[in-house]
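Report on the structure given below.
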Amino acid sequence: GQQVMQIPQYQHVQEGEDFTTYCNSSTTLSNIQWYKQRPGGHPVFLIQLVKSGEVKKQKRLTFQFGEAKKNSSLHITATQTTDVGTYFCAGMKTSYDKVIFGPGTSLSVIP
Amino acid sequence: SQTIHQWPATLVQPVGSPLSLECTVEGTSNPNLYWYRQAAGRGLQLLFYSVGIGQISSEVPQNLSASRPQDRQFILSSKKLLLSDSGFYLCAWEAVGISEQYFGPGTRLTVT
């Protein structure tokens, strides 16, 4: 079946350093989404990417969808303590399939 | 605007007791609804999803069941809880044809 993987599982960074998490699918995706879950909270939708090679930015966050639509990345520039949490990617093969979540990357930011 | 409610927020139940968690969505019609479970420090495990009233798909064989008695109501149940049922239970909704999911605040269940 379809699998969505993320690396790294954990990342500890000094405040101000950059951070990147990578998401890889075993199959081509119709779209990919990113969610953030703060400690003790629930996942919150961040963004959706649909087009091959698409790049979207939200302030210090840059999201990219691979040309083959099988991988994606989330890059955070100059991390802040408010960036702490687990970042999940989620993809679906077609618009009729259910979303498959990756296992998440847990980010810790050392002040 | 749409909102999603879950209750209770926390629950401590003895092994062998029944369970009923409720999720309701406001401000939308005919949403797709999902139940996930998250163990501490782990990812999201999809338990059930529903595309309409009375339509339930189960992802993982277990002693849990789900029901959707109304369009915007999704219930997770168990007749007899196991220790392994402990976790953070999250309900989510998405509009049909739009794959963004919106999660409720979750229920932290501890089975003792």
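Does A:Leu49 meet the test of being more than 14 Å from chain B (Cβ to nearest Cβ), buried (at least 21 other Cβ atoms within 10 Å of the Cβ) and modelled with pLDDT of 95 or more? Criteria not met by A:Leu49.
Please go through (1) under 19 Å from A:Lys98 (Cβ atoms); (2) within 13 Å of another protein chain (Cβ to nearest Cβ) for B:Arg42 and return the number of the only condition it doesn't satisfy. Looking at each condition in turn, B:Arg42 falls short on (1).
Output the number of residues of the stretch A:62-106 satisfying the condition of being of a type outside the set (Ser, Thr, Tyr), within 13 Å of chain B (Cβ to nearest Cβ) and either touching a His at 6+ places or on another chain (Cβ under 6 Å) or open to solvent by less than 20 Å² (accessible area, probe 1.4 Å) (or both). Reasoning before the result, please.
Going residue by residue through the stretch A:62-106, those that are of a type outside the set (Ser, Thr, Tyr) are A:63-71, A:74-76, A:78, A:80, A:83-85, A:88-93, A:97-104.
With within 13 Å of chain B (Cβ to nearest Cβ) added as a condition, the list becomes A:85, A:88-93, A:97-104.
Filter again for either touching a His at 6+ places or on another chain (Cβ under 6 Å) or open to solvent by less than 20 Å² (accessible area, probe 1.4 Å) (or both), leaving A:85, A:88-92, A:99, A:102, A:104.
Selection size over the stretch A:62-106: 9.
Might you check whether a residue that is touching a Cys at 6+ places or on another chain (Cβ under 7 Å), part of a strand (DSSP E or B) and not aliphatic (A, V, I, L, M) occurs anywhere in the stretch B:8-22?
No - not one qualifying residue is present in the stretch B:8-22.
Return the residues of the stretch B:23-34 that are assigned to a loop (DSSP other than H, G, I, E, B) and exposed (fewer than 13 other Cβ atoms within 10 Å of the Cβ); say none if nothing qualifies. Can you show your working first?
So the first thing to find is which residues in the stretch B:23-34 are assigned to a loop (DSSP other than H, G, I, E, B), and the list is B:27-31.
Passing the criteria: B:Gly27, B:Ser29, B:Asn30.
Among the residues of the stretch A:10-19, is any surrounded by fewer than 17 Cβ atoms within 10 Å (Cβ to Cβ), farther than 22 Å from B:Phe103 by Cα and within 14 Å of chain B (Cβ to nearest Cβ)? The answer is yes; a qualifying residue exists.
Elements of the type strands (runs of 3 or more DSSP E) sitting completely within the stretch A:1-80 and holding at least 3 residues that are free of Cβ contacts under 8 Å to residues at least 60 places away in the same chain: these cover A:19-25, A:31-37, A:44-49, A:55-58, A:61-65, A:71-76. Each residue in the stretch B:75-102 was checked for being of a type in the set (A, V, I, L, M), within 24 Å of A:Phe45 (Cβ to Cβ) and outside any loop (DSSP other than H, G, I, E, B), and 4 pass. For the stretch B:59-112, the set of residues classified as touching an Asp or Glu at 6+ places or on another chain (Cβ under 9 Å), away from chain A (no Cβ under 14 Å) and open to solvent by less than 40 Å² (accessible area, probe 1.4 Å) consists of B:Leu64, B:Gln73, B:Phe74, B:Ile75, B:Leu76, B:Ser78, B:Leu109, B:Val111, listed by residue number.
The values are calculated or read from the model by the stated rules, or taken from the named source; none is laboratory data. All of these numbers come straight from a predicted model, not from anything done at the bench. Positions of Cβ are generated from backbone atoms using ideal geometry, with glycine treated the same way; all protein chains shown enter the neighbour counts. With ligands, DNA and RNA removed, areas are computed over all heavy atoms of the protein, side chains included. Shrake-Rupley method; radii C 1.70, N 1.55, O 1.52, S 1.80 Å.
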